[in-house]
1. Quick one: length gained pulling Val613 to Asn148 fully straight, 0.36 nm per residue minus the C-alpha distance?
2. Could you tell me whether the stretch 131-180 comes out rounded, prolate or oblate from its Cα gyration tensor? Rule is a ≥ b ≥ c as square roots of the eigenvalues, rounded for a/c under 1.5, then prolate if a/b exceeds b/c, otherwise oblate.
3. Please compute the length gained on full extension between Trp301 and Ser345, using 0.36 nm multiplied by the number of residues separating them and subtracting their Cα-Cα distance.
4. If the chain between Tyr662 and Ile53 were fully stretched, how many nm would it gain, using 0.36 nm times the residue separation less the Cα-Cα distance?
5. Express in Å², to the nearest 10, the accessible area of Phe537 obtained by rolling a 1.4 Å probe over the protein heavy atoms while all chains stay in place.
6. How many angstrom lie between the C-alpha centres of the stretch 658-687 and the stretch 429-456?
7. Using DSSP to define loop residues, name the GluC sites (Glu not before Pro) in the stretch 146-201 whose beta-carbon has at most 11 other beta-carbon atoms within 10 Å.
8. Under a 5 Å amide H to amide H cut-off, with H placed in plane at 1.01 Å, what residues pair with Val528 once short-range neighbours are removed?
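The values are calculated or read from the model by the stated rules, or taken from the named source; none is laboratory data. Remember, predicted model here, so these are calculated numbers, not experimental data. Virtual Cβ from ideal backbone geometry, glycine too; neighbours counted across all protein chains shown. To get the accessible areas, we keep the full protein, side chains included, count just its heavy atoms, and leave off ligands, DNA and RNA. Shrake-Rupley method; radii C 1.70, N 1.55, O 1.52, S 1.80 Å.
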Amino acid sequence: MNNRSTTAFFVLTLLLTSGCMGLIDGQRIDDGGVTPPNEPWAPAELPDEWSNIVARTRGSPNLIGFTDCDQLEQTLKDHIAEEMRVHFLEMLENDWGYYGLGWAEDDMMMDGDAVAESSSAVGGDSAGSSGGQQTNREEGVDFSGTNNQEEGVDEADFVKTDGYYIYMLQNNRLFILGTPEPGQLTYESNITIEGSPMTMMLADDYLVVMSVVNSWNLNSNDPLYDILYDEDSYWWRSNTLTKLTVIDISNRSAPEAQRELYIEGYYQTAREVNGTVRMVTHGYLELPGMQWWLEMPDSYWEYDWEDPMRRVIRNETIYLTIQENMQVIYDTPLANLVPQIYERSDGEITTHPLAADTCDDFVTSEDSTSRSFTSIFTLDLMASDFSFEADHLMTNWAQVYASQDVLVIAESANDWWWFWGNNDFTEATNLHTFDISNAGTTLYTGSGRVDGNILDQFSLSEYNGTLRVATTTGQWGRWWMDDPEPMENHVVTLQPGFDPITGTKVLNQVGHVGGIAEGESIWSTRFVGDTCYIVTFRNMDPLWTIDVSDPANPAIIGELEVPGVSTYIHPMSDDYLLTIGIPPANEDGTGLDWSSVQVSQFNVSNLSSPTLVNKQLLSPVDEDDGDYSWNWGWSEATYEHKAFQYWAPKGMLAVPMSTYTYDYASVNGQDYSRYIYVSQLMLINAVPGENLSIHGTIDHSDFYNNYENYYWGQSSIRRTIFMGDFVYAISAAGVTAHNLTTLNETASVQIWKPEFDSWYNNYYEVDGEEATGDDGTTSSEADPTDPPDSEGESSGSDGSTGSGETGGGTDGDDGIDESND
């Protein structure tokens, strides 16, 4: 690591802020002690340059290691100190700083207490392992899997399938449902997951579940509690943990947790390639005693609002707060600045320190000012010992992209505070690349930097060794600038190389095309082979086609102006695209109508002249329905590509649509108020080159509408699985199977009812027994053991019998209701 001058800055700041006068709660502090509160207040004489902001410079984005732990500690403290100073110094000129309402880093609040309860209903015998299957079902041919960005790279999601079973995370449970034949459903088992399960990865007979564990939800008897909580200072070492649970599902009727790992930080995303899971987290640790707000002295409130003395007192309070925070930073040991990994085994907790004796497992960009960490957690599921490694980058919050061979961490080169008082720099993005072609290893291969910001993972693509990036410059719109740079969009290509001076691996820019949609910003991007498709928007949606076949000379080929805007682009075939987004609000095609959703098909066989085949408006309710005043309809697929499911073998697209309203009613003389939910899956005929049309709808609304109970969770159908001639609709309350021709329901499993929730209790009941799980262990002791008889006629896969178009399965009061018709 290069020998930067940050240490000198840190020591200088300490000298400037030590031994000087300050005021808090009516008391003046100086070298001689504390002045009695009843003594008249007099302004302190502050150092002349105490409020200067250090001039910024930019160097290389390359990641470099630390020579020792002292250097890591000093660098972290320098970064924290400068961010803290700027945070308070910006209050000098802004009255909102009076109350300490400036920007502060709030922890993400996640509900870790949501609990699902269930019993079983099995319509006949079901296999406990996929080993008994007679035929091999192939993803992409026999059934649809997760809608991934890149082929061969599986993305984490809360629903997975291997064609024989559906795995679903709901509240704090993993549910396993069988699909013996397409169109059928059997309940297999469930297992409790600690915390709030977010997503999972599936590899052979193993599931890796990523969950968020809030520290304050830990039981005081949990050994993790003693590690994370300091009762003397009332300080949580980390408010949030990301938990990684490896579950053996070789026996689907009795899944078993094999390994439980925790890392301090927020879960971001995960990818699986050839049996290796790479999970990315981001986090920082709160320093005990660190204050990000102002506590005004009593004397401040004695002056009128316009009195200049208020600002004098406030500025001195800012100065004193900085001084006190600097001492906190100085006194904090390295162990409280870097995240740790913990492992639970046999009721005991083992700590895997991230900072080894040399701290050589931490890296940072040469010109980084970040105080937070992006950790890449690599777990090889094919290894007999489930070996793992962790890499830790000092970065800002990052976007994550992966091809089969390359993982990219794309972070803003500088956080927003870095620009305060330094307007000569424009926004930029650091790109850090890693080789993931070998199982169980993640190898750093170089970094590069591009101007502008990227929107999401689809703004990145690695193809034949070239990294392609779509960016927008001038997007920040810094409100303190008189003449901010106008927006402009770019496509940049980069390739691995070596710095001729340092000999280090780098990403060199080899090509660039700019001037794309000046004054507009990118709303969606998709790289497909040698072509880049970009949708920008200000008043109307242009679709841009860009040739990136020659990395050194990317070029704009065509443009098509279309009303509305597309938020996701999906390749249907070589010559056609599907998009989903927001339709126009006005007759002239301008503006956006956020109350509905629009699906469009484009012909891109001639890239220089793309054309719109047609578009289809989607709405969850009939506009002529005058009984209720409905809220705006929405679809998760407009902002989450995994909710968008296109099934090419049947030429069909599945898009969830939802809305709700509020209603009052009287039942048996009792007045009730309720939410009325509309939860639908809309099936659209989407054959390349043919007009889009509505095929039909699947409805889960009855799962959620009940006069006597509120439902506070997610009511939408969120995921879809196509399998053979059938489609499975998946929402929080259950799963239904439907014949694609008739849309008749052929099977259903209900895994939630209002009475299953126990929001105000720390326990749940299954078949009359309590299973607390308060020690944080993962267990399957809540498995239902007395399944009721299944409902309906004998199960079949031809769809000849069914219960109509609406998902139901509400018979009985058991935790799992299942029917195969």
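1. Working: separation 465, 0.36 × 465 = 167.40 nm, distance 2.49 nm.
That pair, Val613 and Asn148, stretches by 164.9 nm at full extension.
2. Working: a/c = 2.73, a/b = 1.06, b/c = 2.58.
It comes out oblate by the Cα gyration axes.
3. Details: separation 44, 0.36 × 44 = 15.84 nm, distance 5.54 nm.
So the extension gain works out to 10.3 nm.
4. Working: separation 609, 0.36 × 609 = 219.24 nm, distance 5.23 nm.
That pair, Tyr662 and Ile53, stretches by 214.0 nm at full extension.
5. Accessible area of Phe537: about 20 Å².
6. A separation of 45 Å, based on Cα centres.
7. Values: sites: Glu150, Glu151, Glu155, Glu188, Glu194; in loops: Glu150, Glu151, Glu194.
Sparse-neighbourhood loop GluC sites (Glu not before Pro): Glu151.
8. Tyr533
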